[in-house]
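Taking it in order: structure first as structure tokens, then the write-up.
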Amino acid sequence: RMSRHAKKLRDHDINPCVAETDATTKCMSDNDYNKDMCADYFLKYKNCRKFWHGIMMQRKRNGVKPEMPPAEERKKILESMG
């Protein structure tokens, strides 16, 4: 059984970077946990977190709730950026 924290991390409405997390985990597993082999995946994850953190802070400043846009809204945000 997953802890509540683990469930949150798997929830696409809460964690915008589930795909990046999974890709990084898979890379690490496939490469005997050699971080150097997965540097690109770590960078993509870091960029994802940074991007959505910025969006979240902007929404917080503007009083928009929820602060983290739900998965469907995030998809539209990304599509509007090309």
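The values are calculated or read from the model by the stated rules, or taken from the named source; none is laboratory data. This structure is a prediction, so every number in the text was calculated from the model and none was measured. Positions of Cβ are backbone-derived with ideal geometry, glycine not excepted, and every protein chain shown enters the neighbour counts. Accessible surface is based on the protein model in full, side chains and every heavy atom, while ligands, DNA and RNA are left aside. Shrake-Rupley method; radii C 1.70, N 1.55, O 1.52, S 1.80 Å.
Taken as a whole, the range 2-12 holds no residue that is of a type in the set (S, T, N, Q), open to solvent by less than 90 Å² (accessible area, probe 1.4 Å), out of contact with any Lys or Arg (no Cβ under 9 Å at 6 or more places or on another chain) and under 16 Å from I77 (Cα atoms). On the given criteria, is F51 modelled with pLDDT of 95 or more, surrounded by 11 or more Cβ atoms within 10 Å (Cβ to Cβ) and closer than 18 Å to A71 by Cα? Here the answer is yes, as F51 does meet what is asked.
Counting only residues that are open to solvent by less than 70 Å² (accessible area, probe 1.4 Å) and either of a type in the set (S, T, Y) or assigned to a helix (DSSP H, G or I) (or both), how many does the range 20-41 have? Adding up the residues that qualify gives 10. Sub-6 Å Cβ pairs linking a first residue in the range 14-38 that is over 30 Å from E67 (Cα atoms) to a second residue that is open to solvent by less than 60 Å² (accessible area, probe 1.4 Å) and assigned to a loop (DSSP other than H, G, I, E, B), at least 6 apart or interchain, are M37/N31, ordered by first then second residue. Of all residues in the range 57-81, those satisfying the criterion of being open to solvent by less than 80 Å² (accessible area, probe 1.4 Å), in a helix (DSSP H, G or I) and modelled with pLDDT under 95 are A71, E73, R74, I77.
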